[in-house]
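Have a look at the structure below before the remarks.
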Amino acid sequence: MLNDTIADASSQLLPTHIGANVWIGERQISQILSLEIKQVHAGHNTLQLRFFHDQVQDEGTLMFNGAEQMLGQVAEVIIDDRNKTGKELKNIFIVTRVSFDHNAMNEGIIILEAAAPTIVLDGAPHYESFYQSSLSNIAKTVCRPLDKVKSKVNAQPTVDGSISYVCRYGESSWNFLKRLSAETGQWLYFSGSELVFGQAGSTQSSDLVYGQNCYKLAMSMQARPVQSGYFDYNAPDNEGLSQAANSETDMADSDRGFAFGKAKNIYGEESYTHPAALPADAQLLSHIGKGKANTVAADLYAISGESTIKNAPLR
């Protein structure tokens, strides 16, 4: 315990160096000119990597002569704090584009672009029906292609029980998941190693200290229209259904909760809509209402920053 305390204290005194170890297939890229990762909700994370071409093919080559073999390979990027061995963030991508750039008489720079493994779900349209199935089972079924690219789905939806019927109609697996996510208020994003569908995962984070390992920091709060609620009609029981989507959230005492309250005051008119993709069910509608409130509130407050990456030998 004492050693851990001393290690934590000493790490605060040392300059913080954010490092990145990159593999393309079985090949490690040791000297990186630039690395940019973008993570988005309900979209595909992207990677852009720049490095001199002699790390993947013979020096002096003015054409593709080995670098093209990286197209379609799995790229793994591990970002860590060089002073804290326990904090590593793993990111997996599939290389979708390889460019060879010559400029200012240099030997040539490889520009590699890649997307998260979720891109394999964004293929051709298809038709598929699910009867008396849970959201978790639906997500796991349509995400089976992720197994081929060293990834998986973490499906923990906030909607309990089975859905009587839902149909994937002429759309890709990804667009089907996006539609279900939007209708039921589920998180949908790639954490770096797995696709999260449902409750936001508690992934390990890295400390960003402005002026130490973070040189640009921005925070924003905004007010956007808030959906009042949902309505539906249960025909067999001749029952009208309604559920608020602007009252109960899991972040009431946070900055996001504050912004959510302000947005409700600004956009105060009633606005009800119908979850067209799902069957009428009172319990399902209740989960949808709360899930929608949480996802809207989470989008009203954002923090962004930029850090420098200092390469070091792999430990």
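No value in this document is a laboratory result; all are computed from the given coordinates. Because the structure is a prediction, the values reported are computed rather than measured. Quick reminder, even Gly has a Cβ in these numbers, built from the backbone with ideal geometry, and neighbours come from all protein chains shown.
Listed values, structure above:
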| item | result |
| --- | --- |
| C-alpha center-to-center spacing [region 94-165, region 17-50] in angstrom | 17 Å |
| Residue-averaged [θ]222 nm for the chain, counting only DSSP H segments that reach four residues, each worth -39500 (n - 2.57) | -6000 deg cm²/dmol |
| Trypsin sites (Lys or Arg not before Pro) restricted to DSSP loop in region 103-208 with at most 13 other C-beta within 10 Å | 150 |
| Correct choice for Rg/Rh (Cα atoms, Kirkwood Rh) that was computed from the model, options (1) 0.99; (2) 1.04; (3) 0.97 | (2) |
| Neighbourhood net charge (13 Å Cβ-Cβ; Lys/Arg +1, Asp/Glu -1) for residue 143 | +2 |
| Over the chain, relative contact order from alpha-carbon pairs under 8 Å, at least 6 apart, % | 18 percent |
| Fewest-first ranking of 143, 167, 214, using other Cβ atoms within 10 Å as the exposure measure | 167, 214, 143 |
| Relative contact order of region 121-198, pairs being alpha-carbon contacts under 8 Å that are 6 or more residues apart, as % | 40 percent |
| Most positive-pole-ward Cα, 197, 219, 24, against dipole of the chain from beta carbon charges | 24 |
| Net charge contributed by nearby residues that have their C-beta within less than 13 Å of residue 23 (K/R +1, D/E -1) | +1 |
| Along the chain, longest interval not containing exposed GluC sites (Glu not before Pro), exposed being DSSP loop plus at most 12 other Cβ atoms within 10 Å | 108-247 |
| Of the DSSP H helices in the chain, those whose Cα atoms cover at least 18 Å axially and whose Kyte score averages 0.0 or more | 282-298 |
| Entries in 38/150; 90/290; 178/262; 38/152; 38/264; 38/178 that, when Cα-Cα distance is taken, lie over 24 Å | 90/290; 178/262; 38/264 |
| FRET E, pair residue 165, residue 39, Förster distance 30 Å, beta-carbon r, rounded to 0.05 | 0.35 |
| In nm, spacing of pseudo-spin labels at residue 134 and residue 222 (7 Å Cα→C-beta vector) | 3.5 nm |
| Computed over region 121-168, Kirkwood Rh from alpha-carbon pairs, angstrom | 11.8 Å |
| Estimated dipole of the chain in Debye, rounded to 20 [Cβ of Lys and Arg +1, of Asp and Glu -1, Cα centre] | 160 debye |
| Volume per residue that the Cα convex hull of region 223-299 spans, once the total is divided by residue count, Å³ | 79 Å³ |
| Test item: Cα-centred dipole of region 223-299, Lys/Arg +1 and Asp/Glu -1 on Cβ, debye | 300 debye |
| Residue 306-residue 238 FRET efficiency (beta carbon distance; Förster radius 51 Å; 0.05 resolution) | 0.35 |
